[in-house]
There are 2 protein chains.
Amino acid sequence: MTDHPTRTDDRTKTIMRAALDLARELGYAKLTIEAVAARAGVGKHTVYRRWPSRGLLFLDAVLSLNTSGLNHPDTGDIVADLRVVMTRAADLLGQPPWGPLYQDLIGEAQHDPEVAAALSRRFIEPQTADTLSRLKTAKEQGQLAPDFDPELAFEILSGPLYFRLLITQQPVTHDYIDRVLQAVFSGMAPRTQA
Amino acid sequence: MTDHPTRTDDRTKTIMRAALDLARELGYAKLTIEAVAARAGVGKHTVYRRWPSRGLLFLDAVLSLNTSGLNHPDTGDIVADLRVVMTRAADLLGQPPWGPLYQDLIGEAQHDPEVAAALSRRFIEPQTADTLSRLKTAKEQGQLAPDFDPELAFEILSGPLYFRLLITQQPVTHDYIDRVLQAVFSGMAPRTQA
């Protein structure tokens with residue numbers, strides 16, 4: 001009885017590990033609950049008991065991987081602090097195993113609304129809230145235009161990275177991050193005397 | 001012999017129509033070449049002869065739908081002209097049938113590199129080129145900051161829309177377009193005297 005939770009936890013980890021391994025080996029399109037169960041050495045009902053769909057299993061598995069470093073530091077320099085987190089995000093998106101697995105997860109979210117909702121709630125919303133919090137401090141310190149809407153910042157700064165990852169498949173390099181930050185901070189409009 | 005091209009063309013259209021109908025009725029995850037062939041009243045080899053995968057069939061089918069209005073007018077006002085096209089894009093993304101079908105297509109592109117490459121080449125690159133061309137004129141007329149990189153504009157302006165469509169599933173409204181344009185034109189940085 002006493003070691004039961006630990007055994008369950010280990011089995012959960014084994015199943016999630018099997019899902020990630022199979023997605024990388026076979027491609028996500030060929031991932032099935034049956035194949036995951038076989039690789040993990042459990043019955044498929046054991047998998048279904050915890051996860052009603054392969055998408056929700058895959059979501060848990062991908063989000064169990066280490067994605068630390070996505071919270072903003074506060075060094076007093078908003079551009080530098082945004083750059084730290086965006087560069088870390090670029091590294092995650094651009095490199096195996098996380099980048100391709102995350103891309104598969106977003107692909108699944110387009111066909112499975114439960115996966116989409118859970119991805120937003122568990123992964124995107126905390127990052128949005130952290131960005132907003134850091135920007136509010138920056139605004140109070142006069143580091144942002146008074147009329148800039150901080151609610152938009154996460155979407156405007158992350159949007160181009162996701163666009164490259166999901167649409168054009170161009171690399172998200174550190175140089176690209178610098179160019180996006182420069183463009184979004186300076187703005188497209190000609191500067192006029194204040 | 002003389003009517004052969006027309007018959008082939010009609011059959012192609014029937015197959016693409018069947019793919020779109022089935023994707024909407026069953027959900028893209030359940031779309032198969034076999035089901036499309038049956039719905040279109042042709043043999044599955046007829047489908048495979050033209051399209052090697054369901055993803056490439058679906059790409060042709062989605063891109064065959066009317067998406068006109070994504071080329072920029074030139075009224076002399078760059079913000080107004082960008083707004084016209086972004087608003088049209090928002091309407092396409094937000095409404096059936098195009099929005100959900102396009103979302104399915106992007107989902108498939110995450111698992112199928114051939115679909116991703118063809119989507120970029122046939123749909124995204126022409127829009128990027130058109131945006132760039134309009135921005136170059138605007139820059140020559142002093143409507144953009146001299147140091148703004150027009151190569152980035154399409155990604156920065158479209159990125160937030162795609163982020164909402166694909167990641168947070170929040171609506172892309174006309175008001176949202178106005179907020180994004182305002183933020184990207186003004187920039188995040190406080191205005192300093194020039």
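The values are calculated or read from the model by the stated rules, or taken from the named source; none is laboratory data. As the structure is a prediction and not an experimental result, all values here were calculated from the model. Cβ atoms come from the backbone with ideal geometry, glycine included; neighbour counts cover every protein chain shown.
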Just give me the residues in the stretch B:112-128 being within 9 Å of chain A (Cβ to nearest Cβ), touching a residue at least 40 places away in the same chain (Cβ under 8 Å) and more than 27 Å from residue B:174 (Cβ to Cβ), in sequence order. B:112
Hey, any hits in the stretch B:168-180 for a residue that's more than 9 Å from chain A (Cβ to nearest Cβ), touching a helix residue (DSSP H, G or I) at 6+ places or on another chain (Cβ under 9 Å), surrounded by 15 or more Cβ atoms within 10 Å (Cβ to Cβ) and in a loop (DSSP other than H, G, I, E, B)? yes
Kindly list, by first and then second residue, each pair from a residue in the stretch B:28-48 that is at pLDDT below 95 to a residue that is not in a helix (DSSP H, G or I), limited to pairs with Cβ atoms under 8 Å and residues at least 6 apart or on different chains. B:29/A:112
Among the residues of the stretch B:26-46 satisfying the criterion of being closer than 17 Å to residue B:101 by Cα and outside any helix (DSSP H, G or I), which is farthest from the chain's Cα centre (by Cα)? B:32
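Every residue in the stretch A:162-194 that is within 29 Å of residue A:100 (Cβ to Cβ) and either of a type in the set (Gly, Ala, Ser) or touching a Phe, Trp or Tyr at 6+ places or on another chain (Cβ under 6 Å) (or both), please.
Let us first name the residues in the stretch A:162-194 that are within 29 Å of residue A:100 (Cβ to Cβ), namely A:162-184.
Matches in the stretch A:162-194: A:162, A:163, A:183.
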Being at pLDDT 95 or above, of a type in the set (A, V, I, L, M, F, W, C) and in the same structural domain as residue A:166 (by TED's automatic domain parsing) is the requirement here; does residue A:119 meet it? yes
